[in-house]
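These notes are about the structure you will find just below.
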Amino acid sequence: MLGRYFLHRERNFIVSLKMDISSIQRTAWHEFIRLMPKVELHLHLEGAFTFTTLLSLIKKYGGDSRVRSTSDLKDRFAYKDFPQFIETWKWKNQFFRVPEDFELSTFETLTDLHHQHVEYVEAFFSPWDFTENGLSMPDITRAVLTACRRAREEYGIRCSLIADLNRDHGAKLGMQRIDEVAGFIDQGVIGIGLGGSEHLYPADLFEEVFAKAKRYGLHRVAHAGEAAGPKSIWAALLKLDVERIGHGTRAGEDPLLLEELRRRKIPLEVCITSNACTGVVQSIATHPLKQYWDAGLVVTINTDDPTMFGCTLTDEYFLLMDRFGFTPEALRQICYNAIESTFLDGAGKRQLRTHLDEIWKDVPSDTHTHQSN
Ligand SMILES: [Zn+2]
């Protein structure tokens, strides 16, 4: 039913573009962006739950008198500083107590992404963060994979998983965890990431961990250039042999690094709203992504922890157009970048490109370079 509804809207929209090109305004392009097939490469499932899911889990575990509605929850997730953000993160984690909670949450997150026309996700998950809730990595992983399979069956959305190793937990545990991750390599867990305190635990410490992951055939990404500077990005490239950089926001502090990222075509998983919320940039307007785009880097757009930061992938594309002046053609290229930067095989990428081309083929080409101001 839902698919038909969107198709209907899509057809009407394309017709209106053809009939009245001169009146194409930002709102029309917003509608187009909403309908555009999308790919998400930097999203943490633990920060992407829906408020409806969390409210149901809170009620399941006895309720909270201060949180009776999703509106109360939204207030609970309005932070005034970083310590409060961390406190809220920990607070919500306590309501994930059995594998079924992860299955429910993952399925509802993927449902929400499907409604944004996200067709493919490479999502981080951090199963070891919940061992103190009495849960094991394999139990959580199986539950999340079950949800991914169900979402694919019901909506066609595909989700591959990247297990996020926490820098703060050290390399010794990291080595053990690679073995656990490798046990799921044929079931939808395709790689490892490196999150946690980038400024305290440099990438160099994890060289052997990433080498081991590579031997298993796991893909490798790392957060870098978010809480630390260019040195951290260099280390991720040279010591960890990563295939993408999470954020890379501070890459511009080193022109040689920018050139290296461009030359090696290393995709940046840019997360604009996240960077503004955590203070990596002073404001959205000062985010350097346009500089990176103009320098020819492989820029992709992502949400990081959308529920925690109150954003959606669709919103981030709106930002590109409304705040950074990206043309529709540039947005299209950013979608292509995301597709090319996935760890899908050739056929998987081709399928996503075909879906993207499908919606673009009816848009008159002279509107592609329309500049939004
Ligand atoms: Zn992240």
Ranked M137, M321, criterion: other C-beta atoms within 10 Å, fewest first: M137, M321
statement: One finds the C-alpha centres of region 104-162 and region 30-44 to be spaced, in Å, by 18 Å
message: Please list, by residue number, everything in region 247-263 whose backbone N is under 13 Å from a paramagnetic label point 7 Å out along Cα→Cβ of A295.
response: 248-263
message: Let me check I have the definition right: for region 126-223, take the eigenvalues of the Cα gyration tensor, multiply each by 5, take square roots. What are those semi-axes in whole Å, largest first?
response: 24, 15, 12
query: Picking from G310, G229, G217, which is most flexible by a Gaussian network model of the chain using Cα springs under 10 Å?
result: G217
message: Let me understand the chain better: what is its radius of gyration from the alpha carbons, and its Dmax, in angstrom?
response: 20.3, 63
- request: Run the dipole for the chain about the Cα centre, Lys and Arg Cβ at +1, Asp and Glu Cβ at -1, nothing else charged, and hand back the magnitude in debye, nearest 20.
  value: 360 debye
field: Debye, to nearest 20: dipole size of region 77-210, +1 on Lys, Arg Cβ, -1 on Asp, Glu Cβ
entry: 200 debye
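Let's see if you can work this out: charge +1 on each Lys and Arg Cβ, -1 on each Asp and Glu Cβ, no other charges. What is the dipole magnitude of region 205-280 about its Cα centre, in debye to the nearest 20?
Result for region 205-280 is approximately 280 debye, rounded to the nearest 20.
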field: Over 25 Å (Cα to Cα) - which of K172/K231; K80/K172; K172/K214; K92/K349; K90/K214; K214/K349 fall in this group
entry: K80/K172; K92/K349; K90/K214
query: GNM, the chain, Cα, under 10 Å: largest mean-square fluctuation among R26, R34, R68?
result: R68
message: Counting other C-beta atoms within 10 Å, and keeping those with at most 13, which DSSP coil trypsin sites (Lys or Arg not before Pro) do you find in region 176-281?
response: R264, K265
message: If you build the convex hull over the alpha carbons only and average its shadow over all orientations, what do you get for region 211-353? Give it in nm² to one decimal.
response: 8.9 nm²
Fewest-first ranking of D204, D168, using other Cβ atoms within 10 Å as the exposure measure: D168, D204
Normalised alpha carbon radius of gyration of region 74-189 [divisor 2.2 N^0.38 Å]: 1.13
- prompt: Sequence-distant or interchain residues sharing an amide H contact under 5 Å with T300, placed H: which?
  reply: L268, V270
- prompt: How big is region 60-103 by the Kirkwood estimate over distinct Cα pairs, in Å?
  reply: 11.7 Å
field: Rule-of-thumb Rg ratio for region 170-272 [Cα; 2.2 N^0.38 Å; N residues]
entry: 1.05
field: Global size of region 297-370 as Cα Rg and Dmax, reported in angstrom
entry: 13.4, 39
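Each value in this text was obtained by applying a stated rule to the coordinates, not by laboratory testing. Note that the structure is a prediction, hence the values are computed from the model and not measured. Here Cβ is always computed from backbone atoms with ideal geometry, including for glycine, and neighbour counts include all displayed protein chains.
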